[in-house]
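The values are calculated or read from the model by the stated rules, or taken from the named source; none is laboratory data. Since this is a predicted model, take the numbers as computed values, not measurements. Cβ coordinates were reconstructed from backbone atoms using ideal geometry, including for glycine residues, and neighbour counts include every protein chain displayed. Heads up: the accessible areas ignore ligands, DNA and RNA and are worked out on the full protein's heavy atoms, side chains in. Shrake-Rupley method; radii C 1.70, N 1.55, O 1.52, S 1.80 Å.
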Amino acid sequence: MDSEAYRSERLRVNPALLAFAFMPHLATQTHRYMPTTLPPTDFLNASGILLDVRSPAEFEHGHIPGAASFPLFSNEERAQVGTCYKQQGRDEAVELGLTIAGPKLAQFVAQAKALTHDRTLRLHCWRGGMRSGSMAWLMETAGFQVTVLDRGYKGFRHWVHTVVTEPKPVLTLGGMTGSGKTAVLHQLAAQGEQILDLEHLANHRGSSYGNLGLPPQPSTEHFENLIAMQWVRLKGDRPVWIEAESRMIGSCRVPDALFQRMMTAPVVQIERSRPERMALLLQEYGQMGHGPLITATERLKKRLGGERTQKAADAIRQGNLATAIDLVLDYYDKTYCYDLQRRQGQLETINATGLSDVEIVAKLITRSQQMINQPNRPHSNQVGAPLEHRVPAPVPSPH
């Protein structure tokens with residue numbers, strides 16, 4: 001039996017495969033079965049629930065924020081089709097894929113109906129190929145209005161890389177560990193300022209203790225997706241406040257273009273007294289279990305030294321978290337000052353001791369406006385300089 005006869009026989013005995021085989025023919029016969037295809041920007045702004053028909057593993061690694069996983073194939077099924085493609089060829093892989101997906105047609109339609117009330121949906125696969133084309137045909141046939149992403153998720157990733165390189169004015173919010181920068185950042189947003197909360201998107205506070213009490217971190221790929229979706233909404237004629245961060249926030253890497261913009265942006269740092277900072281850290285970490293706190297402390301052994309690490313761990317075991325914080329803060333203060341010296345933007349310091357977040361934000365906004373109006377004002381020296389204009393003296397690298 002030749003290959004054409006073999007395929008015809010398979011279609012004859014497999015009704016589900018037969019239905020899929022007629023997709024291209026039906027799609028070309030009537031406009032009803034031709035979904036709308038849009039580039040990323042228009043696709044993201046279109047109406048309808050967003051369905052990602054890639055495998056669950058692909059979705060988990062990175063997806064369009066707000067999308068629902070709606071896999072045509074399971075992870076195992078996708079692997080089977082991929083192996084078939086490599087070992088037997090495209091035609092055989094297509095037939096295997098149709099055989100796997102065919103019996104699930106009614107289930108797909110029922111699930112889609114449960115997810116949307118108006119039968120309007122958007123969908124995509126990896127690169128706008130057979131998976132999204134097949135699912136779009138099925139949904140259009142079932143009476144849905146379907147929009148497909150041009151070039152699929154691959155096209156979206158290209159859009160992400162383009163978006164995060166778009167220049168927007170940045171103001172860096174600085175301050176030593178325990179200064180309450182995140183709360184101040186949120187208060188800035190409450191006052192109408194534009195912010196980008198990288199720690200929130202990364203599910204990490206940026207230190208060895210940064211993942212305690214938070215959900216698992218996204219992949220760097222998905223972290224970039226989240227940033228792009230926030231960045232594209234921010235206006236380019238107003239500054240965006242971003243916390244002073246390292247290139248890595250836990251396991252998430254800040255996109256290079258954005259990180260370079262942060263490193264050259266003006267810095268407005270808030271300065272609190274050490275007792276205030278310790279009190280804020282006690283409030284944040286006081287309810288954490290001793291085990292995770294000790295583990296996070298021991299990760300700093302190479303930086304803290306064996307003796308200091310042991311003292312901090314013992315203090316945690318004894319329920320004396322204040323002592324442990326005091327021991328660890330010296331390291332983080334040196335690290336922060338070293339990072340600050342590497343930044344190239346104008347630096348101003350706000351004395352935040354004894355102030356509420358609302359009061360701090362009022363001073364930050366006033367000072368930032370002055371910096372924008374006088375962008376080339378020289379830095380002040382630490383010796384003899386007022387607190388609010390002080391620049392920390394260089395310190396050796398803690399690394």
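Annotations
- On full extension, the segment bounded by A257 and Q370 gains 38.1 nm, given 0.36 nm per residue less the C-alpha separation.
- Heavy-atom surface of the stretch 101-260, accessible at 1.4 Å and reported per residue (Å²): 40 Å²
- Helices meeting the span-like rule in the chain (full DSSP H runs, Cα extent of at least 18 Å along the helix axis, mean Kyte-Doolittle score of -0.5 or higher): 321-342, 357-373.
- Principal axis dimensions, largest first and in whole angstrom, of the stretch 45-162 by Cα: 41, 37, 21
- For the stretch 126-143 versus the stretch 338-375, the gap between their alpha-carbon centres in whole angstrom: 52 Å
- Dipole axis of the chain (+1 Lys, Arg; -1 Asp, Glu on Cβ), positive-most option in V148, G286, M130: G286
- Seen from every direction in turn and averaged, the convex hull around the alpha carbons of the stretch 184-225 projects onto 3.6 nm².
- Around the amide H of Q194, modelled in the peptide plane, lie the amide H atoms of W241, all under 5 Å away and 5 or more residues distant in sequence or on another chain.
- Carbon and sulfur %, accessible surface of the chain computed with the full protein complex present, 1.4 Å: 53 percent
- Principal axis box of the stretch 117-274, alpha-carbon based, largest edge first, Å: 66, 36, 31
- Label separation (D237 vs Q310): 6.3 nm, computed from points 7 Å beyond Cα along the C-beta direction.
- Cut-off under 5 Å, modelled amide H: who pairs with Q145 long-range: T120, L121
- Of all DSSP-defined beta bridges confined to the chain, some 5% are antiparallel rather than parallel.
- Cα centroid separation - the stretch 286-313 against the stretch 152-176, whole Å: 35 Å
- Note on the chain: helix-only mean residue ellipticity at 222 nm, from DSSP H runs of 4+ residues weighted -39500 (n - 2.57) and normalised by residue number, equals -15500 deg cm²/dmol.
- In this Cβ point-charge picture (+1 for Lys and Arg, -1 for Asp and Glu), the stretch 316-373 has a dipole of about 160 debye about its Cα centre.
- The share of alpha-carbon pairs in the stretch 190-259 lying farther apart than 19 Å comes to 32%.
- Distribution of pairwise C-alpha distances over the chain, 10 Å bins, in %: 4, 18, 23, 18, 15, 12, 7, 2, 0, 0
- Between Q269 and G174, E348, T349, I350, the built amide H atoms are under 5 Å apart, and every one of these is 5 or more places off in sequence or on another chain.
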